[in-house]
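All remarks here apply to the structure that follows.
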Amino acid sequence: MSTLAQKKGFGATLWDFLTTVDHKKIAILYLIAGGFFFLVGGLEAMFIRIQLAVPNNDFVSAGLYNEILTMHGTTMIFLAAMPLVFAFMNAVMPLQIGARDVAYPFVNALGFWLFFFGGLFLNLSWFLGGAPDAGWTSYATLSLESPGHGIDFYALGLQISGAGTLIGGINFLVTIITMRAPGMTYMRMPLFTWTTFVTSALILFAFPPLTVGLFLMIFDRMFGANFFDVSAGGNAVIWEHFFWIFGHPEVYILVLPAFGIFSEIFAIFSRKRLFGYSSMVFATVLIGFLGFMVWAHHMFTTGLGPIANSIFAVATMAIGVPTGIKIFNWLFTMWGGSVKFTTPMLYALAFIPSFVMGGVTGVMVASAAADYQFHDSYFVVAHFHYVIVGGVVLAILAGTHLYWPKMFGTMLNETLGKITFWLFLIGFHLTFFIQHFLGVMGMPRRVFTFLPGQGFETGNMISTVGAFFMAAGVIVLLINVIITSVKNQKVGNDPWGDGRTLEWSIPSPPPFYNFKQLPLVRGLDAYWIEKMDGKKEMTPAEPLGDIHMPNSSITPLFIAFGLFVAAFGAMYHSEKSWGIFVLILGFLITLGSMFYRSVKDDHGFHIHKEELMDEDDKGVKA
């Protein structure tokens, strides 16, 4: 956005968002797109639960059920949880380290548009011949034999989307390493910044195996390469290794930022420094390290042998130790604190027992011998959702309430927030707690119906009722967002009153340059230290001077759009006469946009000292 638009206070137009490279606006784009896909994935979940509410139900057919099941998992993991986590990373992390933007603003925008067009491509499968139907893990033999283009949409869509996530992770790593404010040492970084750092490292190492696996699948399906076709000398189990070497760190890519959000919430609303900060940091790093050593626990029943199974079982149980350290540190943070039961704090309190339950069942399925019984039953469905919903989704809802005023300058209604909390929490436990028992009773995963008299009727009905409670909670949240946006009552820089880190020291929403003068960080909880000294603002670490900010650009959108177009050409290259031309056209759009970017003279613009002082005068007059 130009300085002129900023000075005149023009609204954030559609063009601003299409061309923005500002991390805060990109955060809003991630929040909107991720929120939309969350609703789509939730709708798919409701179809699953309606189908399984009663025995012999024919609400959807078996084939359509497989498509809904596949798209629910794929959408929720890749298109809802990931971008919503990225929304908070983008919105908060640069502010917490005292930076004016991320290291590569252009790449940040490109990452979003790649995710968006990848997700759009994947969901267009519903309207172009059928969605993928081989499960969200898309195991090789099943996916190779799947008719139609559903799996092609899956492989190409995730490839485009995954590229956006990968460059986003690299961007966050470089930002944290190189752009911390003066005095912001590694051991003074807020916990959310630390979890963003470790998560970004996980993305850097976990996404390439997925990228390779998806390439091999694309070549198998489109060019008959036979990497995974056993009858032609391929190996189907190799896909599982590629997928889970990515897939297990992916769980921590989602859960670690959730831990970061809750760490901030416990400290803010207990009015206490986080207990055992250094041990929390080392536990975070250890979780990231161990996350790469446990992938084969998803494959205990594939015949890897007792030695491999034992090693991966021990590694899986070991990862419970750093997680346990965190749980106790959060409890000790509250101990003796002046606890405020705000909406974010309620989510944080509910998170501890919910996530611990997921952890306990995780230790159960980590035992290879026991896993032979639990595998492919609803017990595993229950365990997985207790980790992802009980950890990640509760954190996303908590983060939405906590950081909404910082992102938009308005407060979500606390009463409606608490209604959402109770509806969602009760619905969550109703839905998934009973599924542990369904699994132990023998109900298999991924079945589209069951017979009367098998003893599954009551459990499935309870589970479906719980899903409607969760849906009601999400609807109340949407109403809350609409009411808040219409009222548009502005709040100050520290609306919760107990902010401890740098993001609470600047206006809500922040100006597009974030910090007029880079702050001097004098310790952990930098803003809290200043407040204790009776100051309302951070001590500046530099004199007031010109600020260099990047210009907006439409190029990231076109680079991503070109790959979106090329994916259609690749998919139809062998059966449509126009396929190869569309493929070439898409690459030309992408490469032409990149070339345009390389020759365009784009030095950004400066905000001068006089303009900053003018803004101060306006603030005083207001």
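What follows draws every value from the coordinates through simple rules; no lab data is involved. This one's a predicted model, so the numbers in the text were calculated from it and none came from an experiment. Note that each Cβ is placed from the backbone with ideal geometry, even for glycine, and that neighbours are counted across all protein chains shown.
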With label points built 7 Å along Cα→Cβ from the Cα atoms of Leu585 and Asp58, find their separation and express it in nm. 4.3
P(r) of region 315-473 over all Cα-Cα pairs, 5 Å bins starting at 0, rounded to whole percent, reads 2, 8, 15, 18, 17, 15, 11, 7, 4, 2, 0, 0
Theoretical FRET efficiency, 1/(1+(r/R0)^6), r = Cβ-Cβ of Met594 and Asn235, R0 45 Å, to 0.05: 0.80
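Would you work out the relative contact order for the chain, in percent, from Cα pairs under 8 angstrom that are 6 or more residues apart? Could the numbers behind the result be given before it?
Numbers: 1030 pairs, mean separation 102.4, N = 622.
Rounded, it is 16 percent for the chain.
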Sort 514-521, 20-27, 295-302 by the packing proxy (mean of other Cβ within 10 Å over each peptide's residues), most packed first. 20-27, 514-521, 295-302
Estimated 222 nm signal from helices in the chain, with DSSP H stretches of n ≥ 4 weighted -39500 (n - 2.57), rounded to 500: -22000 deg cm²/dmol
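To the nearest 20 Debye, how big is the dipole of region 38-152 about its Cα centre, given +1 on the beta carbon of each Lys and Arg and -1 on that of each Asp and Glu? Don't skip to the end; give the middle numbers.
On the way: 2 positive and 7 negative charges, 81 e Å.
The calculated dipole for region 38-152 is roughly 380 debye.
Could you order peptides 46-53, 388-395, 224-231 by the average number of other Cβ atoms within 10 Å of their residues, highest first? Please list the in-between numbers first.
On the way: 46-53: 19.0, 388-395: 24.9, 224-231: 15.4.
Packing order, densest peptide first, comes out as 388-395, 46-53, 224-231.
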If unit charges are put on Cβ atoms (+1 for Lys and Arg, -1 for Asp and Glu) and the dipole of the chain is taken about its Cα centre, the option from Leu331, Phe86, Trp528 lying farthest towards the positive end turns out to be Trp528
Any idea what angle helix 191-223 forms with the longest principal axis of the chain, computed on alpha-carbon atoms, 0 to 90 degrees, nearest 10? 40
Taking the simple approach of a point 7 Å from Cα along Cα-to-Cβ for both Val314 and Lys487, what is their distance in nm? 5.7
HN-Hα J couplings of region 100-110 from phi, Karplus 6.51/-1.76/1.60, θ = phi - 60°, integer Hz, Gly and Pro as x? 8, 6, 7, 5, 10, x, 4, 5, 4, 5, 4
Counting every Cα pair in region 310-382, what percent are over 14 Å apart? 68
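Could you line up Phe215, Phe512 from fewest to most neighbouring Cβ atoms inside 10 Å?
On the way: Phe215 15, Phe512 19.
Final ranking by Cβ density, sparse to dense: Phe215, Phe512.
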Suppose the chain between Leu124 and Phe289 were pulled fully straight at 0.36 nm per residue; how much longer would it get relative to their current alpha carbon spacing? 55.7 nm
Can you tell me the orientation of helix 23-51 relative to the chain, as the angle in degrees between its alpha-carbon axis and the longest Cα principal axis, to the nearest 10? 30
Once the piece of chain linking Phe17 and Phe205 is laid out straight, how much longer is it, given 0.36 nm per residue of separation minus the C-alpha distance between them? 64.6 nm
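So for region 221-295, what percent of the C-alpha to C-alpha distances run longer than 16 Å?
Values: 1795 of 2775 pairs.
When every Cα pair of region 221-295 is considered, 65 percent fall beyond 16 Å.
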J(HN,Hα) series, region 337-350, from Karplus relation 6.51 cos²θ - 1.76 cosθ + 1.60, nearest Hz, glycine and proline x: x, 9, 6, 9, 8, 7, 4, x, 5, 4, 4, 5, 5, 6
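Could you calculate, for region 180-261, the ratio of the Cα radius of gyration to the Kirkwood radius, expressed as Rg to Rh? Before the final figure, lay out each step's value.
Details: Rg = 18.2 Å, Rh = 14.8 Å.
Ratio of gyration radius to Kirkwood radius for region 180-261: 1.23.
Full extension from Thr458 to Trp422: what is 0.36 nm times the residue separation minus their Cα-Cα distance, to one decimal in nm? Could the numbers behind the result be given before it?
On the way: separation 36, 0.36 × 36 = 12.96 nm, distance 2.31 nm.
Full extension of this stretch gives 10.7 nm more.
May I ask you to derive the relative contact order of region 92-182, considering only C-alpha pairs under 8 Å and at least 6 residues apart, and to give it as an integer percent? It would help to have the intermediate numbers written out before the result.
On the way: 109 pairs, mean separation 42.6, N = 91.
Value for region 92-182: 47 percent.
What is the percent of Cα-Cα separations in region 131-196 that go past 14 Å? Could the numbers behind the result be given before it?
Values: 1474 of 2145 pairs.
Looking at region 131-196, the distances longer than 14 Å represent 69 percent of pairs.
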Amide H neighbours of Phe450 under 5 Å, at least 5 residues apart or on other chains, H built in the peptide plane: list them. Asn56, Asn57
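When N counts the residues of region 498-598, how does its alpha-carbon radius of gyration compare numerically with 2.2 N^0.38 Å, as a ratio?
On the way: Rg = 24.0 Å, N = 101, 2.2 N^0.38 = 12.7 Å.
Against the empirical 2.2 N^0.38 Å value, I get 1.89 for region 498-598.
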Arranged from highest to lowest average of other beta-carbon atoms within 10 Å per residue, in what order do the peptides 149-155, 186-192, 538-544, 413-419 appear? 149-155, 186-192, 413-419, 538-544
Euclidean distance of C-alpha centroids, region 300-364 and region 38-73, integer Å: 29
Set Lys406/Lys490; Lys531/Lys609; Lys24/Lys536; Lys516/Lys609; Lys25/Lys609, cut-off 20 Å on Cα-Cα distance; pairs above it are Lys531/Lys609; Lys24/Lys536; Lys25/Lys609
Using only alpha carbons, build the gyration tensor for region 226-344 and give me the equivalent ellipsoid semi-axes, biggest first, whole Å. 39, 15, 10
Once Lys and Arg get +1 and Asp and Glu get -1 on their Cβ, which of Thr302, Pro55, Ala225 lies farthest toward the positive end of the dipole of the chain? Pro55
Regarding the chain, what are the three Cα extents along the principal axes, ordered largest first, in Å? 73, 63, 47
